[in-house]
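What follows is one structure encoded as structure tokens, with my remarks underneath.
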Amino acid sequence: MFENLQQQKPDAILTLVQMFRDDRRCDKIDLGVGVYKDSSGNTPVMRSVKAAEQKLWELETTKSYVALTGDPAFSDSMVSLVLGDAVPAASVSAAATPGGTGAVRQAFELVKMARPSARVFVSNPTWPNHLSILEYLGMEKVLYRYFDNETCGVDFNGLIADLKTAHKGDLVLLHGCCHNPTGANLTMLQWQELIAVLQETGAVPMIDIAYQGFGDGLEEDAAATRAVAAAVPECLIAASCSKNFGIYRERTGILMMIANDTETKVAQGTLAFLNRQNFSFPPDHGARLVTMILNDTHLRADWAVELEEIRLSMLALRQQLAKELQERGGSDRFAFIAQHRGMFSRLGTTPAVVQKLRDEHSIYMVGDSRMNIAGLNSRTVPILAQAIITSCL
Ligand code: LMR
């Protein structure tokens, strides 16, 4: 049986993690996988998470199963964090999932189940795992223009023109904030235009929001998701707690579904069914910590403060890098880095430059020139800036 298995295409981001580990040079810089690192290169457990874990250890009396779609208190807390009061609570069904990726996977399966012929519109580029999961599920994908290589901003006219070709019954995958891999994002005015296209075509939006709080702030980063959800009758939202709670390995995510089924509750039942088929009960530990933090005034305030510190530190690194590049290169070519938001920026350089950075300067970024800003610190920014200028010559 197993002789029929074939070698799978390696995941570009995870391959890079291994390459970095294998590199013996001591001055190497990791700008690969999307994990936050502080100025000493550590990925700390957030204070509020530690405090919640301690409390949980004291209070938890059982590890018995919770529910197929997770603890309703987790769903309520996350729906409120992401959607605020943009839509009536009764129209939202939700299921906890193993991380944001689990939510993405469940969402695609749900669409496949509801409408096997649905085409999925994805930004060009998008997070590679979006494409990989769609391919694995045999779902048709259509790339819509997103990144303008000249400006390193959004090709908004291209995006609108391409999304106008979507039909009722298609799915449009959007990044709620902090676009991965580019760091280039729409303005709220542009989101409004995009929403009008969704309304015109009747295509269903799916929003992947994995970096709420890493861009312009917790509320600001949710604004687009809320505007879309409030404007259309049906919507899917895959949210991750990996980054903004720093609980990557706990696998904590949630799939939300806005549908017109307040009476029948088919949506909630389908989410439970899909969880049961794929993994049965979702992981609980991370979800419980998030619920505790969001519902405790003190823990929540401390979490928000620490998250804001993280956001501002990444913003400062962006500004420092743009400035260093400007000074060393004598041009504004890389000024967009300070405008981008979130963890990533796509430099817009060739794979040859990316390779040169790796081979000659031991700087690791993804092959499409995506760099993780949080992999830098004030000491390594000038090193990177010089290496970029040298490698681009
Ligand atoms: C990334 O894009 O680097 C992160 O979302 C981690 C991952 O799983 O790829």
Beyond a 27 Å Cα-Cα separation, which of these cross-linked pairs lie in this structure: 37/356; 37/63; 323/356?
37/63
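Please figure out what share of the DSSP beta bridges in region 194-351 is antiparallel and state it in percent, rounded to the nearest 5. Each step should come with its number before you reach the end.
Numbers: 6 of 10 bridges.
That works out to approximately 60 percent antiparallel.
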Pick from 298, 175, 285: which residue has the top mean-square fluctuation in a GNM of the chain where Cα pairs under 10 Å get a spring?
298
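What pairs in 112/265; 9/141; 28/50; 112/141 have C-alpha atoms more than 23 Å from each other?
Working: 112/265 19 Å; 9/141 18 Å; 28/50 30 Å; 112/141 12 Å.
Violating the 23 Å Cα-Cα cut-off are 28/50.
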Extended-chain gain in nm, criterion 0.36 nm per residue less alpha-carbon gap, residue 9 and residue 260:
86.4 nm
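Ordered by packing density, taken as the mean number of other Cβ atoms within 10 Å over each peptide's residues, highest first, how do 287-295, 189-197 rank? Intermediate results must be reported in sequence, preceding the final value.
Working: 287-295: 22.8, 189-197: 15.6.
Order by mean packing, descending: 287-295, 189-197.
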Taking springs between alpha-carbon atoms closer than 10 angstrom, which of 280, 240, 313 fluctuates most in the Gaussian network model of the chain?
280
Please find, in a Gaussian network model of the chain (springs between Cα atoms separated by less than 10 Å), the residue of 101, 187, 126 whose mean-square fluctuation is greatest.
187
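At a Förster distance of 51 Å, what's the computed FRET efficiency of residue 165 paired with residue 60, Cβ-Cβ distance as r, to 0.05? Each step should come with its number before you reach the end.
Numbers: r = 51 Å, r/R0 = 1.00.
In this case the efficiency is close to 0.50.
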Out of the total accessible area of the chain (probe 1.4 Å, heavy atoms of protein only), what percent is carbon and sulfur?
53
Calculated from DSSP helices alone, with each H run of at least 4 adding -39500 (n - 2.57) and the total divided by the residues of the chain, [θ]222 nm to the nearest 500 comes to -14500 deg cm²/dmol
What is the packing order of peptides 160-170, 9-19, 87-97, 315-325, taking the mean over residues of other C-beta atoms within 10 Å and listing the highest first?
87-97, 315-325, 160-170, 9-19
Among DSSP bridges having both ends in the chain, what percentage is antiparallel? Round to the nearest 5.
50
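So, with +1 on the Cβ of K and R and -1 on the Cβ of D and E, and no other charges, what is the size of the charge dipole of the chain about its Cα centre, to the nearest 20 debye? Walk me through the intermediate numbers first.
Details: 37 positive and 44 negative charges, 141 e Å.
Taking the Cα centre of the chain as origin, the dipole is about 680 debye.
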Residues of region 86-118 with backbone nitrogen within less than 19 Å of a virtual label 7 Å along the Cα-to-Cβ line of residue 67, please, listed as ranges.
88-99, 103
Please calculate how many Å² of accessible area the chain carries per residue, with a 1.4 Å probe and no DNA, RNA or ligand atoms counted.
46
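Stretch residue 141-residue 279 to full length: gain in nm at 0.36 nm per residue minus the Cα-Cα span?
On the way: separation 138, 0.36 × 138 = 49.68 nm, distance 2.55 nm.
Here the segment from residue 141 to residue 279 would lengthen by 47.1 nm.
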Calculate the dipole size of region 65-295 relative to its Cα centre from +1 charges on Lys and Arg beta carbons and -1 charges on Asp and Glu beta carbons; express the result in debye to the nearest 20.
660
Tally the DSSP beta bridges in region 65-295 and give the antiparallel ones as a percent, rounded to 5.
45
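The values are calculated or read from the model by the stated rules, or taken from the named source; none is laboratory data. Predicted model, so just to flag it, every value in this text is computed and none were measured. Ideal geometry is used to build each Cβ from the backbone, glycine not excepted, and the neighbour counts take in all protein chains shown. Just the protein is used for accessible areas: all its heavy atoms, side chains included, with ligands, DNA and RNA removed. Shrake-Rupley method; radii C 1.70, N 1.55, O 1.52, S 1.80 Å.
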